[in-house]
Amino acid sequence: MFGLPRLLFNEEHELFRQSVKEFIAREITPYNSEWEKQKMVSRESWLKLGENGFLGIQAPEELGGMNIQDFRYNAILIEELGLSGCSGPAIGYPLHSDIVMPYILHYGNEETKKKYIPKMVSGEYIGAIAMTEPGAGSDLQGMRSTAIDHGDYYLVNGSKTFITNGYLSDVVVVAVKTDPSKGAKGISLIVLDNSMEGYTKGVPFEKVGLHAQDTCELFFEDVKVPKENLLGKEGDGFKYLMHELAQERLVVSLAAIALGEYMLQATVEYVKQRKAFNKSISDFQNTRFKLAEMTAALEQGRIYCDQLVILHNDKLLDPAMASAAKYNMTELQCKVADECVQLHGGYGYMWEYGVARAYADARVQRIYAGTNEIMKELIARKILK
């Protein structure tokens, strides 16, 4: 990068960043290759994150958190995970803290928060969110999983797929239809956990990328869920999803730009060392121009994302802004991935090289958290309203 000062961070933020860097270098990077083979990170890593105070920092102190409401700290965690090149952890850990946990904190009753949040902060419980279904994809209103009122409990039936953290998860926020006749107004959110009979999981998927992150199907067959596990009001689930998805898409954007920067830096180091035609690859004009193009684009993206973090801290980030960021940053990440593999030549296609893994990991960013086609639709709605 050009080295432009990051004006949104102060000295306390940078001290926090240093502690995050040291933790990642010690507890994540050395184990990532093994986690890729296992198709998931270790449970021990979650406990270590909890011990070091890196999970659910926004949770109130009485629930085990640090009550840090400054999202810049969350952004630092996401950014440093991305800069490490460990894509699986860069997606799985923030999803737990910045995507799943807010639903419980914002909409759960006191009993539900006390039951789940402290163990999510400690890393004893791993969180997931289940929206997507095999036959519905991005069409949340088309979901078929149901939670039927049976007095003091809901009876849940259905299935979810492509669930990040799904296999390891202990607690999952599930979108269901409590009134299938009402469309979006019949959607509710409930919390399930592994103790509930009839709740099962499929084996982790064999994915193209993100090998150090577990993704699987979830199945619900007559699962009895206590009424107190309803989040917020019955029928308001779609509204809650639309509100919280802005932060989810910002999280994906921040990870995308950081992973793009990781790939660029790895490529800069490679082209300086690699020789062809008796000179360094970095001496060729095409190489220099490609590096310049990627640097300029990533620098613009970084400034853009920094501004969105500031807006989000001031509660001014709206869904269309977050959708634009998710669209732009994930498209840029994939473009950078392709260019970096090309500059590595044949070695860029070898799994031992970080850019090869990052290339495989990048593609799904344009699909989850809402496909980029859906992002453009959401942006257009704001333009044309």
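Just so it is clear, none of the values below were taken in a lab; they were calculated from the coordinates. Source: prediction; values computed, not measured. Ideal geometry is used to build each Cβ from the backbone, glycine not excepted, and the neighbour counts take in all protein chains shown.
Quick notes on this one:
- Stretching Lys207 away from Arg6 to a fully extended chain increases their span by 68.8 nm, per 0.36 nm per residue minus the current alpha-carbon distance.
- Residue (of Leu264, Val251, Gly237) at the positive-pole extreme of segment 169-299, dipole from beta-carbon charges: Leu264
- Between Ile367 and Ala380, the modelled label-to-label distance comes to 2.3 nm, taking each label 7 Å out from Cα in the direction of the beta carbon.
- Using 0.36 nm per residue and subtracting the Cα-Cα separation, the extra length available between Ala292 and Asp338 on full extension is 15.1 nm.
- In a fully extended conformation the segment linking Leu47 and Asn278 would gain 78.1 nm over its present Cα-Cα distance, using 0.36 nm per residue.
- Whichever lysines have a C-alpha closer than 27 Å to that of Lys114, once near sequence neighbours (fewer than 8 apart) are set aside: Lys48, Lys160, Lys177, Lys201, Lys224, Lys227, Lys233, Lys239, Lys315
- Restriction of the chymotrypsin sites (Phe, Trp or Tyr not before Pro) in segment 1-102 to DSSP coil positions whose beta-carbon has at most 13 other beta-carbons within 10 angstrom yields Phe2.
- Within the listed set Ile281, Ile57, Ile117, the residue fluctuating most in the Gaussian network model of the chain (springs between alpha-carbon atoms under 10 angstrom) is Ile281.
- Rounded D (µm²/s) - the chain, Kirkwood Rh over Cα pairs, Stokes-Einstein at 37 °C, 0.692 mPa s: 153
- Computed 3J(HN,Hα) for segment 235-249, one whole-Hz value per residue from the Karplus formula 6.51 cos²θ - 1.76 cosθ + 1.60 where θ = phi - 60°, is x, 9, x, 5, 4, 5, 4, 4, 6, 7, 5, 4, 5, 4, 6, glycine and proline marked x.
- Karplus-derived 3J(HN,Hα), 6.51/-1.76/1.60, for each residue of segment 272-289, Hz, glycine and proline x: 5, 8, 6, 10, 8, 6, 6, 8, 5, 4, 5, 7, 7, 4, 4, 4, 5, 5
- Using a simple spin-label model with pseudo-atoms 7 Å out from Cα toward Cβ, Glu111 and Glu228 lie 0.3 nm apart.
- For segment 11-126, the relative contact order works out to 33 percent when only alpha carbon pairs closer than 8 Å and six or more residues apart are counted.
- Distance in nm between pseudo-label sites at Gln69 and His243 (7 Å out along the Cβ direction from Cα): 1.5
- All lysines inside 30 Å of Lys275 as judged from Cα atoms, apart from same-chain residues fewer than 8 positions distant: Lys290, Lys335
- Averaging 1/r over each pair of different alpha-carbon atoms in segment 11-126 and inverting the result gives 14.4 Å, the Kirkwood hydrodynamic radius.
- His150-Thr200 FRET efficiency (beta carbon distance; Förster radius 22 Å; 0.05 resolution): 0.60
- Residue-by-residue Karplus 3J(HN,Hα) for segment 307-320, coefficients 6.51, -1.76, 1.60, Hz, glycine and proline x: 5, 5, 4, 4, 4, 5, 4, 8, 6, 10, 7, 9, x, 5
- Magnitude of the charge dipole for the chain, about its Cα centre and with charges confined to Cβ atoms of Lys, Arg (+1) and Asp, Glu (-1), is about 1060 debye.
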